[in-house]
Amino acid sequence: MTALKGQALDEAIEKELILITNEGMVQEITPTLVHSRLKSKGIIQGQVSTLSTPTRKALIHKYNLQLLNGLGLTPAEEGLILSRNSKVAFMQRIKKLQAEKDELEVQLQKNTYTMLTIIKMLKTQTRLPIEEVLSPYLLDKLKDDKD
């Protein structure tokens, strides 16, 4: 395959960026990554500077932002990744998700307690076969609560 130039190269770059984004195997799309992939396919022969024109930089940046948006990062975390502090950004993200998980666990405990209270009330005041409609999780909790 001969090396592409001009508009044909721009189209090949965009196709490669789409492939990179769809694969989802990288944390960040950089000009170096795009260059190495294009060079290995014989699409490009020059240096990384071939990708440094304003339109090509903007194209790479656009797809990089798309990739980062798919990760669910906050603007501050995206800024850290774009400034090459990806480890810090991911550590912040991990802490945020851990706090969210802890909060959801507390909420689950409260909701489970409330459901068990309602179930016990229904069992004592009605003749409905409540155990038949409960989820396995609630059945286990109800059994544990009896013990």
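A few points about this structure:
- Cα lying deepest toward the dipole's positive end in the stretch 1-50, options Q27, L9, G42, charges on Cβ: G42
- Packing, as the average of other Cβ atoms within 10 Å across residues, places the peptides 34-41, 120-127 in the order 34-41, 120-127, highest first.
- The chain, accessible surface, carbon-and-sulfur percent (1.4 angstrom probe): 59 percent
- Of the Cα atoms belonging to the stretch 2-147, the radius of gyration and Dmax stand at 26.5, 82 Å.
- Charge dipole magnitude, Cβ of K and R +1, D and E -1 - the chain, Cα centre, debye nearest 20: 360 debye
- Computed over protein heavy atoms with a 1.4 Å probe, the accessible surface of the chain works out to 69 Å² per residue.
The values are calculated or read from the model by the stated rules, or taken from the named source; none is laboratory data. What you see is a predicted model; the values in this text were computed from it and never measured. Methodologically, a virtual Cβ is constructed for each residue, glycine included, from the backbone with ideal geometry; neighbour enumeration extends over all protein chains shown. Heads up: the accessible areas ignore ligands, DNA and RNA and are worked out on the full protein's heavy atoms, side chains in. Shrake-Rupley method; radii C 1.70, N 1.55, O 1.52, S 1.80 Å.
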